[in-house]
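Everything on this sheet refers to the single structure shown next.
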Amino acid sequence: MFNLIAHRGNNNHQYPENSLDAILSSLNEEYIKGVEFDVRLTKDKKVVVIHDFTINRTSNGHGIVKNMTLREIKKYKFGNKYQTYTILTLDQLLKKINSSKKIIIEIKNELGDVKKIVDKVIKVIKKYRKLDIYLTGFSYKLTDYIKNNYPLYKVGAAPLIVTKSTKFNDGYDAYFIKYNFFKNYKTDKLLFFWTINKPAFFNKKIFNK
């Protein structure tokens, strides 16, 4: 049984990535078991929902997220040719979610202070204990900090490369693995594979054994 997770809230819809409509629409689909989205810190230490370290690709503005205040970023329109929206804070998003499905939050923090952003994220999500939240990131420094300092929260490691000899740390609740390493693992823990965009992958890798 495979659980399909909507990456950045994307699914068979026209809503922009990491937008409220994308995430809520995906959660309303019966065959989707959860959503994943990304968060970063602004200059004034607000947790916002965005993948890139700049707003250039996804908005009509330019700038580095960590160098802009929330008020500055909210001046711009995010989205695509079908829909635009104002950037969300993590708190604004979680407040709108009423679902028992998996909510995966990827914490983006290139070479930054992991304590600062993790503490801010935890401060927000502790208000939403009814949600089935998993925290992850591509830095072991970040995920280890969560695991060691906030043991009551679910945290998943995201190794960039997985081989048949990779040792999985049982201290984690889940693993987030790139799809092309589909068979190179050995663990009983919950596994998430990113990012599978084509149904043909399932036919080739899963059903034709």
* Asked: Got at least one residue in the range 41-49 being open to solvent by less than 70 Å² (accessible area, probe 1.4 Å), in contact with a helix residue (DSSP H, G or I) (Cβ under 8 Å, 6 or more places away or on another chain) and either among the acidic types (Asp, Glu) or assigned to a loop (DSSP other than H, G, I, E, B) (or both)?
  -> yes
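Which count do you get for residues in the range 86-98 that are assigned to a loop (DSSP other than H, G, I, E, B) and either open to solvent by less than 20 Å² (accessible area, probe 1.4 Å) or under 16 Å from Ser19 (Cβ atoms) (or both)?
Here is the first cut: in the range 86-98, the residues assigned to a loop (DSSP other than H, G, I, E, B) are 86-88, 97-98.
In the following step, the residues that additionally are either open to solvent by less than 20 Å² (accessible area, probe 1.4 Å) or under 16 Å from Ser19 (Cβ atoms) (or both) were identified as 86-88, 97.
Result for the range 86-98: 4.
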* To do: Return yes when Gln83 is at pLDDT 95 or above, farther than 26 Å from Phe193 by Cα, open to solvent by 30 Å² or more (accessible area, probe 1.4 Å) and under 19 Å from the mean Cα position of the chain (by Cα) and no when it is not.
  => no
* Asked: Restricting the first residue to the range 175-186 and requiring it to be among the polar types (S, T, N, Q), which pairs with a second residue that is exposed (fewer than 14 other Cβ atoms within 10 Å of the Cβ) meet a Cβ separation below 7 Å and a spacing of at least six or different chains?
  -> Asn184/Thr163; Asn184/Lys164
* To do: Say whether the condition of being surrounded by 15 or more Cβ atoms within 10 Å (Cβ to Cβ) and closer than 25 Å to Asp173 by Cα is met by at least one residue in the range 51-68.
  => yes
* To do: Sort out which residues of the range 175-186 are part of a loop (DSSP other than H, G, I, E, B) and either open to solvent by 60 Å² or more (accessible area, probe 1.4 Å) or out of contact with any helix residue (DSSP H, G or I) (no Cβ under 6 Å at 6 or more places or on another chain) (or both), and write them in order of number.
  => Lys183, Asn184, Tyr185, Lys186
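Say we look at the range 14-40 and pick out the residues that are part of a loop (DSSP other than H, G, I, E, B) and in contact with a strand residue (DSSP E or B) (Cβ under 9 Å, 6 or more places away or on another chain); which of these is surrounded by the fewest Cβ atoms within 10 Å (Cβ to Cβ)?
Tyr31
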* Asked: Any idea which residue in the range 113-137 is farthest from Leu152 (Cα to Cα), counting only those that are open to solvent by 30 Å² or more (accessible area, probe 1.4 Å) and touching a residue at least 40 places away in the same chain (Cβ under 8 Å)?
  -> Lys116
* **Which listed residue, of Asp44, Asp38, is touching a residue at least 12 places away in the same chain (Cβ under 8 Å), under 29 Å from Lys101 (Cα atoms) and among the charged types (D, E, K, R)** => Asp38
* Structure fact -> Within the range 95-115, residues being touching a strand residue (DSSP E or B) at 6+ places or on another chain (Cβ under 7 Å) and not polar (S, T, N, Q) number 9
* With respect to Ser165, is the statement that it is modelled with pLDDT under 95 and polar (S, T, N, Q) true? -> yes
* Asked: When the range 144-174 is examined, which residues are found to be in contact (Cβ under 8 Å) with a residue 24 or more places away in the chain, surrounded by fewer than 16 Cβ atoms within 10 Å (Cβ to Cβ) and closer than 22 Å to Leu131 by Cβ?
  -> Asn149
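The values are calculated or read from the model by the stated rules, or taken from the named source; none is laboratory data. Since the model is a prediction, treat every value here as computed from it, not as a measurement. Glycine also receives a Cβ, built like all others from the backbone with ideal geometry; neighbour counts cover every protein chain displayed. In case anyone asks, the SASA skips ligands and DNA or RNA and just uses the protein heavy atoms, side chains included. Shrake-Rupley method; radii C 1.70, N 1.55, O 1.52, S 1.80 Å.
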